Structures are given as C-alpha cells and as structure tokens.
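Inspection log for the structure reproduced underneath, given as structure tokens.
The values are calculated or read from the model by the stated rules, or taken from the named source; none is laboratory data. Being a predicted model, the structure only gives us computed values, none of them experimental. Virtual Cβ from ideal backbone geometry, glycine too; neighbours counted across all protein chains shown.
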C-alpha cells in the first residue's frame, strides 16, 4: 500500500542540495503502486513531478504539488545471443551501479558513461552522454505507464525522439510517462572501444595501458571525472548546467576570426558545436564565487552550491552567465538542467 508524506524536505533528493519542500511526496516501488496512486485524491488534485536521482534539476521554490519518487529495483537479462545481450534495468537503479555491473560482466556499450549521477530511469529523458557515447546508442526500448491513460507501454528507441540531451520524455511526454524500466542492447564480445574523446587516450597512456578494454576505459573515465568534476555528495551541483551550443558555419567563421583559439567540432545538420565551458571561461566566470554559489574552479560548465544557497541564487547566477555570453559572443546558452518553477 502506498504512503503519501507531506511537507518533505527535498534536499536529500536533489544533487544541488537545495532545501525546497514538496507539499506531497510518494515513493513508488512498482507499477502497481503508481496505479494505486493515480486513483488517490492527492494525485488527482495536484500537479505532479516524477523524480529519479534529482541529479539534473534545480528547484527554484517549494514544490506545491506531488513529487513521485521512483524506487523500482532490479536487473534482468531479457534476451541474448552469441554477441549481444539485452538487459532490462528498473528505473530506480542507480545509473553508475548499472554501468559497473555491466562492465564487471564484460558487457560493453556504456563504459564511457561511468560516474554520471542519477538513476537509470532518468538517463533516457536527458539522453545522457559523455566521451563519444550517448545513451541512444544502446537503448532498445523504454517501458512504463502512460499517465493520462494509465496504460502500460513499451516505446522502441526509434520512437523516443532522441537528440543531444533531448528525448520525447522532455517534450511530448513530459510528466506524462512514468518510466518503469530501460532495456539496453550491449555487446558480449567484439567491443567497440571509444578512446579518442576527452582525455581518455592520455589517461590510458598514463596508466601504461596499451591494449584498452571496457574495464580500463571505465576506470579512465572515472579518474577523469573525479579529477575534473566536483562530487555532488561533497559540493552540491548538477553536473553540466548548460548544453554545448551548435551554430551555423557563417556565425562560427565570424567568431573564429575574432577568437582563433576557439575549440569546435562538427555537429548535426552541418552545424558547428562550441564548448559552453570555453565560452563561460572566456567571460571570466571560471572559479568565481558569489556568496554560497559559484562556478567550479576546474570546469566552468558546473555551477555549485557551497552550502545554504537557494535555487533562486543559482538560477540568477545562470542568468548572469547567459547574459555575459550573449554580450561577448552573441550566443545563447540553453540550460541542460531542468528548472522546476
């Protein structure tokens, strides 16, 4: 039987550690729990927010509604052959634990996504990605409940509208689909190793690794992230706050003429992607602190809560950063973090 709590402090449930309160709060351990909740007056009379690990959201105010926390657990092999395996992971499973489980089984495909905070159920919403891999590369299907109808559905990857930090779950199905499990297709052998992104090659060389494996790549990614990014258990943050913007060739050429050192790489539709962290750093924000909020000293894409700050303070810092980037480069940065108003 479900239990609905009231006036719950959300600071343990968001990696920014913002002390917002939820008017109502309910933990879901099964699809049956959700169906029971959907018949409850608290559900029908309030707006809803589905919460995973809270690693990609910023609460500006208290949430005057119902927070639905996914706590479904379990991993199960749903299909396999000599080369591939399909693994179904419950939405409440921690993502990094899922990665480590797969690497330990020598199942390849998500080793570059190690140490990304959050739950497995939240991963497809953002189409998480790092070091040359995006989740869409390995997703087979997403199972859950279509909230307006209460029906169970399985959505194949091709219908998820995956893009750069985008999916159908952030748009048409936002707060309308409760993800109960994610099925991935992973390789049991003939692994496709991606080492030419970020500092992976350099890190492998420093460890004297001459023949990379999914384990050594996973270890390298963990080392890089631990040195580069703040641990949200120590300093409140939500990882990269902004998306890397993509601009057209003409705009890029004009920027390159003014800033010859500007880093860049090809994007979709003949666009050029420019690192948001570089733009922010050029505007003088890297390492800057404002009372209890600031920009991380080692990665300008990461905004941090040093303790006791409000969501509004972090939001204001983000807006000021956006304004300075527009003023200097005429590029608008788009938040990657979900702003909860």
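What pairs come out if I take residues in region 210-239 that are under 18 Å from residue 277 (Cβ atoms) and pair them with residues that are assigned to a helix (DSSP H, G or I) whose C-beta lies under 8 Å away, six or more apart or interchain?
221/111; 221/112; 221/113; 221/200; 224/200; 224/203
Consider residue 17 against the criteria (1) buried (at least 18 other Cβ atoms within 10 Å of the Cβ); (2) in a strand (DSSP E or B): it satisfies all of them except one. Which criterion is unmet?
(2)
Need a quick list: strands (runs of 3 or more DSSP E) entirely within region 248-341 having at least 3 residues that are in contact (Cβ under 8 Å) with a residue 12 or more places away in the chain and within 27 Å of residue 124 (Cα to Cα).
302-305, 338-340
From the list 158, 114, which one is outside the structural domain of residue 28 (by TED's automatic domain parsing), out of contact with any strand residue (DSSP E or B) (no Cβ under 8 Å at 6 or more places or on another chain) and touching a residue at least 40 places away in the same chain (Cβ under 8 Å)?
Values: 158 fails: touching a residue at least 40 places away in the same chain (Cβ under 8 Å).
Unique residue meeting the criteria: 114.
Among the numbered conditions (1) in contact with a strand residue (DSSP E or B) (Cβ under 6 Å, 6 or more places away or on another chain); (2) assigned by TED's automatic domain parsing to the domain that holds residue 29, tell me where residue 141 comes up short.
Failed condition: (2).
Among the numbered conditions (1) closer than 30 Å to residue 219 by Cα; (2) assigned to a helix (DSSP H, G or I); (3) over 21 Å from the mean Cα position of the chain (by Cα), tell me where residue 125 comes up short.
Just one mismatch for residue 125, condition (3).
With the requirement that a residue be more than 13 Å from residue 146 (Cα to Cα), touching a helix residue (DSSP H, G or I) at 6+ places or on another chain (Cβ under 7 Å) and outside any loop (DSSP other than H, G, I, E, B), what does region 164-199 give you?
170, 182, 186 - these are the residues of region 164-199 that are more than 13 Å from residue 146 (Cα to Cα), touching a helix residue (DSSP H, G or I) at 6+ places or on another chain (Cβ under 7 Å) and outside any loop (DSSP other than H, G, I, E, B).
One residue is enough: does region 117-128 have a residue meeting the conditions without any contact (Cβ under 8 Å) to a residue 40 or more places away in the chain and surrounded by fewer than 17 Cβ atoms within 10 Å (Cβ to Cβ)? Talk me through it step by step, then tell me what you get.
Of region 117-128, the ones without any contact (Cβ under 8 Å) to a residue 40 or more places away in the chain are 128.
Remaining after also requiring surrounded by fewer than 17 Cβ atoms within 10 Å (Cβ to Cβ): none.
Checked against the condition, which is being without any contact (Cβ under 8 Å) to a residue 40 or more places away in the chain and surrounded by fewer than 17 Cβ atoms within 10 Å (Cβ to Cβ), region 117-128 yields no hits at all.
Kindly establish whether residue 29 is within 19 Å of residue 152 (Cβ to Cβ) and at pLDDT below 95. Talk me through it step by step, then tell me what you get.
Working: within 19 Å of residue 152 (Cβ to Cβ): yes; at pLDDT below 95: no.
Here the answer is no, as residue 29 does not meet what is asked.
Those residues that are under 22 Å from residue 161 (Cβ atoms), surrounded by 14 or more Cβ atoms within 10 Å (Cβ to Cβ) and free of Cβ contacts under 8 Å to residues at least 60 places away in the same chain, I need them from region 174-202; list them, please.
176, 177
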